[in-house]
Amino acid sequence: MKALVVEDDLSTRLLIKKIVENEGYEVLEAEDGHEGWSIFQKEKDNIYIALLDWMMPKIDGIELCRRIRKTPVMHYIYIMFLTSKRDIKDIVEGLESGGDDYMTKPFIREELVSRIRVGGRIAVLQRKLNEANRKLHALAITDPLTGLLNRRELFRRLENEIYRASRERNHYSLIIIDIDYFKRVNDALGHTAGDRVLLEIADRISEKLRPYDIIGRYGGEEFLVGVPVAEAESRKEIAERIRDSISSKPFQIGDNKLDITISLGITSAIPEGEKKDTIHLLENMIERADSALYKAKDAGRNRVIVYEE
Amino acid sequence: MDNIAPVFDMDYARKITDGDMEFLKELIEIFKTDCPEKLAGISRAIKEKNFKAIDETAHSLKGSSGNLGLTRVYELSWEIEKMGKAKNMDGANKSFEQLEEEFERFKNFVSKPGWEEK
């Protein structure tokens with residue numbers, strides 16, 4: 001963890017630097033706000049605490065604090081002012097500009113040390129909170145069994161993609177995938193085996209997709225795939241590749257080798273509409289893909305059907 | 001003016017450097033090098049009756065002296081800083097003379113062998 005110390009007076013700066021180093025930080029020194037700002041921009045991902053002198057030439061501590069707070073950083077930066085100002089008005093201005101604490105100079109060593117430790121504790125808490133939030137976010141958007149996007153996040157991303165395609169006048173394709181006779185797997189081998197089949201299907205399909213394609217779990221044994229396409233033909237190729245990835249190789253579930261197939265329905269369109277209409281555009285596309293899927297099932301399963309008007 | 005406050009608050013200086021005398025000496029050397037320039041800045045600002053400059057230059061010396069335990073230099077620069085802020089120069093020259101004297105006394109103090117053992 002690094003600390004930024006910005007102080008124009010050399011002896012004071014060295015003194016603070018030593019105290020902060022004793023607390024286990026690597027110290028980045030700057031002798032005015034301008035230098036402090038350029039160091040901050042380079043090192044912002046490593047700086048967890050900043051000690052800023054208030055009165056400095058060029059950019060003062062308050063202005064530097066405001067700039068730091070306006071900069072997006074992944075973690076919290078604890079900012080402490082070092083000032084000989086004692087007016088309540090000044091203290092309020094400092095804290096309002098985004099400062100967490102202030103120390104008046106000349107300071108008492110033990111007090112500065114304790115306050116640096118407070119900053120360190122808050123930085124640690126903040127880091128834990130951010131980690132927990134990241135984990136919660138991942139859980140909130142993921143289907144726990146397959147690790148794919150869950151239905152809500154899937155819809156959110158598909159809406160974004162459809163809106164993007166509508167703005168850019170591009171084709172967008174939607175593929176609905178349903179596992180053929182999935183109930184038989186569950187009935188014959190139990191739900192645990194069924195779960196393993198679902199998981200492996202999710203993995204096999206994901207391998208066939210490009211980074212900008214979207215896949216999520218739509219229902220119990222149904223998946224939705226969103227694919228931006230340049231040419232009308234290529235969408236069927238993608239669907240065929242997906243179909244082939246399932247049917248070409250049996251599933252090894254315990255001692256059983258299962259031949260499993262999927263049916264796919266595709267629709268493709270240049271979506272047209274306002275942002276608020278996107279959800280309807282998506283619903284229409286799903287309906288069309290669904291009716292193509294129905295035809296694929298009717299026609300004997302293990303096949304891809306493209307929706308036609 | 002009586003010199004009630006000590007020229008150099010050794011207790012404070014020891015505490016702030018956590019008893020690291022070598023480090024304290026290093027800081028004092030830096031201060032001794034920087035101080036004449038700061039004094040010259042204050043002197044110039046007083047001559048030019050530039051209140052803003054008086055405020056800033058005295059403020060700067062106040063900061064560095066205060067953190068090293070140079071109590072008298074700290075207090076006198078504070079006085080001068082306040083004059084700059086209040087745009088009132090009454091007694092500024094006298095305070096500045098005292099400031100120079102206090103800096104000399106401090107230099108004498110730390111030039112005597114064994115001062116750090118007191």
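Extension gain for A:A299 to A:E159 (0.36 nm times residue separation, less C-alpha to C-alpha distance): 47.3 nm.
Residues of region B:59-90 with an amide N closer than 18 Å to a point placed 7 Å from the Cα of B:F109 along the Cα-to-Cβ direction: B:61-79.
The antiparallel fraction among DSSP beta bridges confined to region A:189-309 stands at about 70%. Dipole magnitude for the protein assembly as shown: about 700 debye, using +1 per Lys or Arg Cβ and -1 per Asp or Glu Cβ, origin at the Cα centre.
A simple spin-label model places pseudo-atoms 7 Å from Cα toward Cβ; at A:R167 and A:V124 they are separated by 4.4 nm. If I model a spin label as a point 7 Å beyond the Cα along the Cα-Cβ vector, how far apart are those points for B:E100 and A:I91 in nm? Modelled inter-label distance: 3.8 nm. Averaging Cα coordinates gives a centre for region A:204-230 and one for region A:99-126; these two points are 50 Å apart. Each residue of region A:131-145 was assigned a 3J(HN,Hα) from its phi angle through the Karplus expression (A = 6.51, B = -1.76, C = 1.60, θ = phi - 60°), giving 4, 4, 5, 4, 5, 4, 4, 4, 5, 5, 10, 10, 7, x, 6 Hz with x at Gly and Pro.
With neighbour counts taken as other beta-carbon atoms within 10 Å, the residues A:R152, A:R204, A:R210, A:R301 rank, fewest first, as A:R210, A:R152, A:R301, A:R204.
Simple point charges give the picture: +1 on the Cβ of Lys and Arg, -1 on the Cβ of Asp and Glu, and for region A:151-306 a dipole about the Cα centre of about 100 debye. For chain A, the longest principal axis of the alpha carbon atoms and the long axis of helix A:191-208 meet at an angle near 80°. For A:Y102, the residues whose modelled amide H falls within less than 5 Å of its own, excluding neighbours fewer than 5 places apart on the same chain, are A:F81. Residue by residue along A:12-24, Cβ atoms of other protein chains within 10 Å of the local Cβ number 3 on average. Remark: region A:2-140 carries a charge dipole of roughly 640 debye about the Cα centre, counting +1 on each Lys and Arg Cβ and -1 on each Asp and Glu Cβ. Note on B:R44 and A:E131: with the Förster distance fixed at 56 Å, the Cβ-Cβ geometry gives a FRET efficiency of about 0.55.
Here is the list for region A:163-237: GluC sites (Glu not before Pro) lying in DSSP coil, each with at most 16 other C-beta atoms within 10 angstrom of its C-beta, are A:E231, A:E233.
The ranking of B:E104, B:E75, A:E309 from fewest to most other beta carbons within 10 Å of each one's beta carbon is A:E309, B:E104, B:E75. Relative to the dominant Cα principal axis of chain B, helix B:51-66 is inclined by about 10°. Take each residue in B:27-34, count the other chain C-beta atoms within 10 Å of its C-beta, and the mean is 3.
Counting partner chain Cβ atoms within 10 Å of every residue's Cβ in B:60-69, what's the average?
Rounded to a whole number, the mean comes out at 6.
Size descriptors for chain A: radius of gyration and Dmax over Cα atoms are 29.2, 86 Å. Counting only alpha carbon atoms, the long axis of helix B:71-86 and the longest principal axis of chain B meet at about 20°. The trypsin sites (Lys or Arg not before Pro) of region A:27-59 meeting both criteria, a DSSP state outside H, G, I, E and B (loop) and at most 16 other C-beta atoms within 10 angstrom of the site's C-beta, are A:K58.
Every number in this text was worked out from the coordinates using simple rules, so none of it is lab data. Owing to the predicted nature of the structure, the values given are computational and were not obtained by experimental measurement. For neighbour counting, all protein chains shown are included, and Cβ atoms are generated from backbone atoms with ideal geometry for every residue, glycine included.
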